[in-house]
Ligand code: ASP
């Protein structure tokens, strides 16, 4: 039995959320492969790391100092690391990133770093292997995912191990980093689940499944217990924010059930 889990930005927002994730992963030995997003919002008017990275790139492009933004990003991750007592050399990682920025980093590479740092920390915290997205998620030149090559690469890398993988990006044939569209870690999770023929793809977020209404507007909306792939695709395509609209395709091809779960309410079946 193998479960592939994906944790979204709010699930990765701070050290307290990492603790919840560790409890979730440890409570079931089949939860062996974990895909993560960049740190998201901790509270309503907080910043998402990916948004800050985009902002950093805009500053870089226009020759305006990005130091204070990069420092905010660095501090968020260092705070998580220190609170959890981890040792990942983030200082070294951020020095290397700054050098890349000084020598002409691409926008896609820069904005992918949120997922990269999240995965480094989560891998150390869970004691799982870190598998970089550039080691298996391959794109064709037209930007479509090369499923055959990617699936074969991930199968070989994971084998029977436990792994953490950054979402949202992969590698172009010319060796450059390419990102998926915003919210794309959902797709990475679905691709990983399909690659590994997982028994279930658990998508962990901050709502307990697909709800009948937006919980920010309607109080306590009911959960839709079950939906077909096509219903789910239509709901996400027409604006239900729970899932990236392209998520269903890889899991539908392999007939893998997709279970939407809440990191803050782990006992809810979703
Ligand atoms: N961090 C990326 C974004 O904010 C991807 C994701 O979280 O799925 O869009």
Given the conditions (1) part of a loop (DSSP other than H, G, I, E, B); (2) within 16 Å of the ligand (Cβ to nearest atom), report the number of the one that residue 116 does not fulfil. (1)
Is there any pair linking a residue in segment 65-81 that is under 22 Å from residue 17 (Cα atoms) to one that is assigned to a loop (DSSP other than H, G, I, E, B), with Cβ under 6 Å and at least six apart or on different chains, and which? 76/39; 81/88
Total residues in segment 133-148, condition surrounded by 15 or more Cβ atoms within 10 Å (Cβ to Cβ) and within 20 Å of residue 181 (Cβ to Cβ): 9
Just give me the residues in segment 102-113 being surrounded by fewer than 18 Cβ atoms within 10 Å (Cβ to Cβ), free of Cβ contacts under 8 Å to residues at least 60 places away in the same chain and either within 16 Å of the ligand (Cβ to nearest atom) or assigned to a helix (DSSP H, G or I) (or both), in sequence order. 102, 107
Only residues that are without any contact (Cβ under 8 Å) to a residue 40 or more places away in the chain and out of contact with any helix residue (DSSP H, G or I) (no Cβ under 7 Å at 6 or more places or on another chain): list them for segment 31-46, please. 42, 43, 44, 45, 46
Residues located in segment 183-221, provided they are in a loop (DSSP other than H, G, I, E, B), in contact with a strand residue (DSSP E or B) (Cβ under 7 Å, 6 or more places away or on another chain), away from the ligand (no atom under 16 Å from the Cβ) and at pLDDT below 95: 208, 209, 212, 221
Spans of helices (runs of 4 or more DSSP H) in segment 1-95 with at least 1 residues within 13 Å of the ligand (Cβ to nearest atom): 49-61, 67-83
Neighbours by Cβ (under 7 Å, 6+ apart or cross-chain): first from segment 123-146, free of Cβ contacts under 8 Å to residues at least 24 places away in the same chain; second not in a helix (DSSP H, G or I): 146/138; 146/139; 146/140
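Tell me, please, whether a residue that is on the phi > 0 side of the Ramachandran plot, within 15 Å of the ligand (Cβ to nearest atom) and buried (at least 19 other Cβ atoms within 10 Å of the Cβ) can be found in segment 162-174.
Within segment 162-174 (the criterion being on the phi > 0 side of the Ramachandran plot, within 15 Å of the ligand (Cβ to nearest atom) and buried (at least 19 other Cβ atoms within 10 Å of the Cβ)), the answer is yes, since at least one residue qualifies.
Could you go through segment 242-261 and let me know if any residue there is under 21 Å from residue 24 (Cα atoms), part of a loop (DSSP other than H, G, I, E, B), more than 16 Å from the ligand (Cβ to nearest atom) and without any contact (Cβ under 8 Å) to a residue 60 or more places away in the chain. Step through it out loud before you land on a result.
First, pick out the residues of segment 242-261 that are under 21 Å from residue 24 (Cα atoms): 242-243, 256-261.
Now narrow it down to the ones that are part of a loop (DSSP other than H, G, I, E, B): 242-243, 256-257.
Checking which are more than 16 Å from the ligand (Cβ to nearest atom) leaves us with 256-257.
Now restrict to residues that are without any contact (Cβ under 8 Å) to a residue 60 or more places away in the chain: 257.
Taking every residue of segment 242-261 in turn, at least one turns out to be under 21 Å from residue 24 (Cα atoms), part of a loop (DSSP other than H, G, I, E, B), more than 16 Å from the ligand (Cβ to nearest atom) and without any contact (Cβ under 8 Å) to a residue 60 or more places away in the chain.
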Enumerate the pairs (first residue in segment 1-22 and modelled with pLDDT under 95; second residue anywhere and buried (at least 24 other Cβ atoms within 10 Å of the Cβ) and not in a loop (DSSP other than H, G, I, E, B)) with beta-carbon separation below 7 Å, excluding pairs fewer than 6 apart on the same chain, so at least 6 apart or on different chains. none
When every residue in segment 119-131 that is surrounded by fewer than 19 Cβ atoms within 10 Å (Cβ to Cβ) and not in a helix (DSSP H, G or I) is compared, the one nearest to the ligand (Cβ to nearest atom) is 130
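The values are calculated or read from the model by the stated rules, or taken from the named source; none is laboratory data. Given the structure is predicted, the values throughout are model-derived calculations rather than measurements. Every residue, glycine among them, receives a Cβ derived from its backbone with ideal geometry; neighbour counts consider all protein chains shown.
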